[in-house]
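**Student:** One structure coming up, written as structure tokens, with questions to follow.
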Amino acid sequence: MTFQIDNADVEKVVLVAAQPRGSHPLLSMHESLAELTLLADTAGLSVAGQLTQNMTRIDPATYIGSGKVGEVVELLNETGAKTVIFDDELSPRHQRELSEILGINVKLLDRSALILDIFAQHARTREGALQVELAQYEYRLPRLTRQWTHLARQAGGGAARGGSGGVGVRGPGETQLEVDRREISKKITKLKEELEKVRQHRSLHRKQRQKSGVPLVALLGYTNAGKSTLLKALSGADIYIADQLFATLDPTTRRVELPSGRQVLFSDTVGFIQKLPPALIAAFRATLEEILEADVVLHMVDTTNPHVTAHIEAVEDILAEIEMPQVPRILVWNKIDAWGEQFLPPLPEDDRIYAAQVKISAQNHIGIEKLLQVVEEVCATSLPRRRLTIPYERGDLVAQLYELARVINRENTSEGVVLNVELPVYLLERFEVYGTHA
Ligand SMILES: Nc1nc2c(ncn2[C@@H]2O[C@H](COP(=O)(O)OP(=O)(O)OP(=O)(O)O)[C@@H](O)[C@H]2O)c(=O)[nH]1
Ligand SMILES: [Mg+2]
């Protein structure tokens, strides 16, 4: 248990983690609680105390059982904290029953609400803000109780970012929560419509990218792995980097030149975490759709994190959940500068899902050239090859191939220009009539 010096400006919280016997989560109860502490820290909260509970089963009414709730109340009194955060997502019933016992002056949140709050603080673009707002409404709708309306009055409304109500109640017009479920449902429908417009706009952008024929490399990984640091190292772009969870929410894409001179796009996006709220995954569809179109995935991990194996698994689980297509994946062990031993933990599962593994330090520019070489090789082997015979009068097509594909060799024959090329998948159809498999 940790106690911190009183600071009137900082919201004090008590964290509660519980684990039913026989469950095998990716992170142990204590490890997950440590992660929750980091999340609380990122949200600007001060952790005044922690409680853990090994239980035979989840209590249908209070999650942790009434005896333990008593301890929570005691700890709240002892520390003066008025906010409790549970490490697991509480069902609407748990939330209701616990709120009854804790009383109207105690704010009850769970990991999902905390993550949503961080997202609300970090959203920088309109799309990001819309997605977070949608996720918050979806999360709150079934949990709409007296507590929220009470908090709503306290909070007095607030923008998606920087509202005044403190953790968990920042966000979409708090006063809206005073209106009934139907109003919130209407709001959800409206947000979905707005997001649909954003999606269409994005898909237009994607079509332009596809036309440009430049392969897309998605930087994915657990939050804080160093994805943004790598994009900055590769492109020199001014990108926000922080020792914080979910520093990045909105995707950033930059053009990067591979050793051969070939151009690819690298896209940095929102990080993942275990127990990511389902409402968030659903709401971030527009952002995640971009990832789904990647030609290559760089799965970045923080080698220095003692739970790196669990992190890898958590990321793979989320990729499966969003139905990431089977494009080549490269496992990138980042932060090797800070990793004394030349030892990488064994991979949890079948390591054949990775086309390659590379060790780098994004911050100290170690292994970056090697990484780009590997990306180049993987791009080359993953793109289909064709032997195309283009009639001489279609010089425009030959020019297009030089621009959009990789021409391996060229020969002038009596039938036309014969080219061996690597084609991005979307060009296959266009050139089908000219080709045979190389
Ligand atoms: N020692 C060391 N630290 C690094 C390295 N790369 C990144 N970091 C640090 O790790 C922290 C997270 O880096 P980011 O690039 O923001 O990580 P991210 O994966 O984009 O994280 P989110 O956007 O929060 O998901 C920052 O404090 C970086 O300075 C590295 O190679 N070595
Ligand atoms: Mg980032």
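Every number in this text was worked out from the coordinates using simple rules, so none of it is lab data. These numbers were taken from a predicted model, which means no experiment stands behind them. Quick reminder, even Gly has a Cβ in these numbers, built from the backbone with ideal geometry, and neighbours come from all protein chains shown.
**Student:** Straight-line reach only, C-alpha to C-alpha below 25 angstrom: list the lysines that Lys186 could link to, leaving out same-chain residues fewer than 8 apart.
**Tutor:** Hits, sequence-local ones excluded: Lys197.
**Student:** To continue, here is another question. Per DSSP H run of n ≥ 4, the term is -39500 (n - 2.57); total these for the chain, divide by its residue number, and report the mean residue ellipticity at 222 nm rounded to 500 deg cm²/dmol.
**Tutor:** -12500 deg cm²/dmol
**Student:** In terms of Cα to Cα distance under 24 Å, which lysines are near enough to Lys335, apart from those fewer than 8 places away along the same chain?
**Tutor:** Cα-Cα hits under 24 Å: Lys227, Lys232, Lys359, Lys370.
**Student:** Output the 0 to 90 degree angle, nearest 10, between the alpha-carbon long axis of helix 395-404 and the longest principal axis computed from the alpha carbons of the chain.
**Tutor:** Once rounded, the angle reads 40 degrees.
**Student:** I'd like the orientation of helix 92-102 relative to the chain: the angle between its Cα long axis and the longest Cα principal axis, in ° from 0 to 90, rounded to 10.
**Tutor:** 30 degrees
**Student:** Among DSSP beta bridges whose residues both lie in the chain, state the antiparallel percentage, nearest 5.
**Tutor:** Close to 40 percent.
**Student:** Let me ask another. Using a cut-off of 9 Å between beta-carbons, work out the net charge of the residues near Lys82 (Lys and Arg +1, Asp and Glu -1, Lys82 not included).
**Tutor:** +1
**Student:** Picking from Phe272, Pro259, Leu288, whose Cα lies most toward the positive end of the charge dipole for segment 213-381 (charges on Cβ: Lys, Arg +1; Asp, Glu -1)?
**Tutor:** Of Phe272, Pro259, Leu288, it is Pro259.
**Student:** When only C-alpha pairs under 8 Å and at least 6 residues apart count, what is the relative contact order of the chain, in percent?
**Tutor:** Averaging sequence separation for qualifying contacts and normalising by length gives 11 percent for the chain.
**Student:** Hey, another quick one. Once you sort the root eigenvalues of the Cα gyration tensor of segment 25-150 as a ≥ b ≥ c, which label holds: rounded (a/c under 1.5), prolate (a/b larger than b/c) or oblate (the other case)?
**Tutor:** Judged from the Cα gyration tensor, segment 25-150 comes out prolate (a/c at least 1.5, a/b above b/c).
**Student:** Taking a ≥ b ≥ c as the square roots of the eigenvalues of the Cα gyration tensor of the chain, is the shape rounded (a/c under 1.5), prolate (a/b larger than b/c) or oblate?
**Tutor:** prolate
**Student:** Here is a further query. What is the sum of charges around Asn224, taking Lys and Arg as +1, Asp and Glu as -1, for the other residues whose C-beta is under 14 Å from the C-beta of Asn224?
**Tutor:** Net of charged neighbours comes to -3.
**Student:** A further question follows. If you stretched the chain out fully between Tyr240 and Arg21, how much longer would it get, using 0.36 nm times the residue separation minus the C-alpha to C-alpha distance?
**Tutor:** Here the segment from Tyr240 to Arg21 would lengthen by 74.7 nm.
**Student:** With axes computed from alpha carbons, what is the tilt in degrees of helix 111-122 against the longest principal axis of the chain, rounded to the nearest 10 within 0 to 90?
**Tutor:** 60 degrees
**Student:** Classify segment 213-381 from the C-alpha gyration tensor, please: rounded if a/c falls under 1.5, else prolate or oblate depending on whether a/b exceeds b/c.
**Tutor:** rounded
**Student:** While we're here: Multiply the residue separation of Arg394 and Val418 by 0.36 nm, subtract the distance between their alpha-carbon atoms, and state the gained length in nm to one decimal.
**Tutor:** 7.4 nm
**Student:** Ranked highest first by average number of other Cβ atoms within 10 Å, how do 252-260, 231-239, 219-227, 411-419 line up?
**Tutor:** 219-227, 231-239, 252-260, 411-419
**Student:** Among all the lysines, which ones have a C-alpha under 18 Å from Lys82's C-alpha, if same-chain residues fewer than 8 places away are not counted?
**Tutor:** Lys82 reaches Lys12, Lys68, Lys107.
**Student:** Once fully extended, how much extra length lies between Asn77 and Glu411, figured as 0.36 nm per residue of separation less the alpha-carbon to alpha-carbon distance?
**Tutor:** 112.0 nm
**Student:** What ³J(HN,Hα) values, in whole Hz, does the Karplus curve 6.51 cos²θ - 1.76 cosθ + 1.60 give for segment 124-130 when θ = phi - 60°, with x put for Gly and Pro?
**Tutor:** Per-residue couplings from phi come out as 10, 9, 4, 4, x, 4, 4 Hz.
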